[in-house]
1. Using only Cα atoms, tell me the angle between helix 107-127 and the longest principal axis of the chain; keep it within 0 to 90° and round to the nearest 10.
2. Taking Cα pairs under 8 Å and at least six residues apart, what relative contact order does region 279-386 come out at, in percent?
3. How long are the three semi-axes of the equivalent ellipsoid of region 317-365, in whole Å, if each is the root of 5 times an eigenvalue of the C-alpha gyration tensor, listed from largest down?
4. Which aspartates and glutamates does Lys462 reach when only Cα atoms under 20 Å apart count, and residues fewer than 8 places away in its own chain are ignored?
5. Please report, as a whole percent, how much of the solvent-accessible surface of the chain comes from carbon and sulfur atoms (probe radius 1.4 Å).
6. What number, in percent, do you get for the relative contact order of region 1-104 if the mean sequence gap of Cα pairs under 8 Å and at least 6 apart is divided by its residue count?
7. Just the accessible area per residue of region 131-198, please: how many Å² with a 1.4 Å probe?
8. Please compute P(r) over all alpha-carbon pairs of region 117-203, binned at 5 Å starting from zero, and give each bin as a whole-number percent.
Amino acid sequence: MSTQTSEQALIEGVNKRLFIGGEWRDAKEGGTLSVEDPATGESLCEVADGQPEDALAALEAADKAQADWARTAPRQRGEILRSAFEMITERIDDLALLMTLEMGKPVADSKAEITYASEFFRWYSEQAVRIGGTYSISPDGNQRIMTMKQPVGPCLMITPWNFPMAMGTRKIGPAIAAGCTMVMKPAKATPLSMLALAEILEEAGLPPGVLNVVTAASSSDIVSPIISDSRLRKLTFTGSTPIGRRLMEQASENLLRVSMELGGNAPFLVFEDADVDDAVAGAMVAKMRNIGEACTAANRFHVADSVADEFAEKLAERMSQMKVARGTEEGAEVGPLIDEDQLGKVEELVNDALDKGAKALVGAQKLDGQGYFYEPTVLDDVPKEADLRYEEIFGPVAPVFSFDSEEEAVAAANDTEYGLVAYVYTSNFNRAVRVIEGLQTGMVGLNQGMVSNAAAPFGGIKQSGFGREGGYEGLEEYLETKYVAVNLPAEVPF
Ligand code: NAP
């Protein structure tokens, strides 16, 4: 079979309808929306264009399934997750190709995402059976204080296009473990990975109605009616800060539990005592994973004066060697950006920095021809006024700024409305602790360029949102604490 045919066969094999109440069905009006290959700009296939009525049907199915699902034995919930983890692992090659076709990232990046995504199922399969409560004696000895954990109830999950599967499993894994039902709305640019995941969960034995997936051309049309429906109990959103803010406003009407994983503007600090080669290796991961289209992507490099030139030159050397190609091509390291708008935004930010005096060591232009490719870029001597210091770049562009003191480095790192993650390279332990304590972020990578780990609490502060995904904390987001006051006076007869 030629590559083209096998890609087509893979796409044809995905169920492209809505998944509601355990059934695959067409959208109300029978309409569809097109999914594009960002490497060519051409349509890959059509998926169902869900309507408000479909969204409400999905919520109804989730609500109907909630009580039984909450009563399902934790071991059974855990084993469904475990089976799904194993199926994802077995099918990683097909899933990775599918993800690359719709999202553009190189197949190696897609595999890394799928491994990361599946780890949430493994981790939460192990946590499902460890949901506990507490028991204590009131200070006056006259009561017993019991707490129990119960599922929050039906959740609405909204995910972005940049990690089409992991942003979903980070929510679905703990929700299944906790006993919550869900309506999932993936981004319209990348619905196929989520539809393939729904098929896996169905095959793994997830009961009808526990997970419902609605794809749609207009996200606001399908989200608004669910968000204001009293059957919904939680909204969990991953995406941009402006949309997160708008959704929070809507969720406040219904007093929903809310988790927000929003935008970032990660600083990457390199001190003069750091191993520069290690820092460059870490920078390549922090910047170039996912073509720079990650909320955790290093957005700006702040490097000590004495090593700034060495760091920038070595980084430029590594970046210049990267292979820019369609993600399906052998050895591809940098795929296309998601769409024309994103390409335009990256171009604009780089041109603004150059106009204000930055120097391009490598790259700084888009590729001619099909698709939305931008060259890996390193900018040196970037002035403070450049817009990309304050805005999320979401592309393969590394601006290097220099600093001359620890205080200046921390102040520069914190000079942003965002607070998701920061990276620190230093060999001095006391400095590491001092700097980390001063950073206004939810996460820090110390001498490493990646923080994502299913067993760790991922999340931000400031305009990067609130709530945590992964780790023990990620499960709490789907649990309510019920407190029981037990009347048991002190004078017991023994
Ligand atoms: P986005 O435009 O905010 O979209 C995110 C999701 O929200 C998509 O499913 C989108 O659907 C939906 N959406 C958009 N407008 C909506 C509306 N009015 N009502 C309801 N839903 C709506 O963000 P994006 O461009 O896809 O993703 C990139 C952003 O996500 C970046 O800022 C990145 O930093 C952030 N992100 C954060 C994390 C984290 O963990 N903190 C992780 C990954 C990404 P459609 O696309 O179908 O319209």
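The values are calculated or read from the model by the stated rules, or taken from the named source; none is laboratory data. The model shown is predicted, which means the values in this text are computed figures rather than measured ones. So basically every Cβ, Gly included, is an ideal-geometry build from the backbone, and we count neighbours across all protein chains shown. When the accessible area is computed, the model is the full protein with side chains, heavy atoms only, and any ligands, DNA or RNA have been set aside. Shrake-Rupley method; radii C 1.70, N 1.55, O 1.52, S 1.80 Å.
1. The two axes meet at around 30 degrees.
2. Relative contact order, region 279-386: 22 percent.
3. Three semi-axes, in Å: 23, 16, 4.
4. Glu249, Glu261, Asp387, Glu391, Glu392, Asp415, Glu417, Glu437, Glu473, Glu477
5. Answer for the chain: carbon and sulfur cover 48 percent of the accessible area.
6. Averaging sequence separation for qualifying contacts and normalising by length gives 29 percent for region 1-104.
7. Per-residue accessible area for region 131-198 comes out at 25 Å².
8. Result, from short to long distances: 3, 13, 19, 20, 14, 9, 7, 5, 4, 3, 2, 1 percent.
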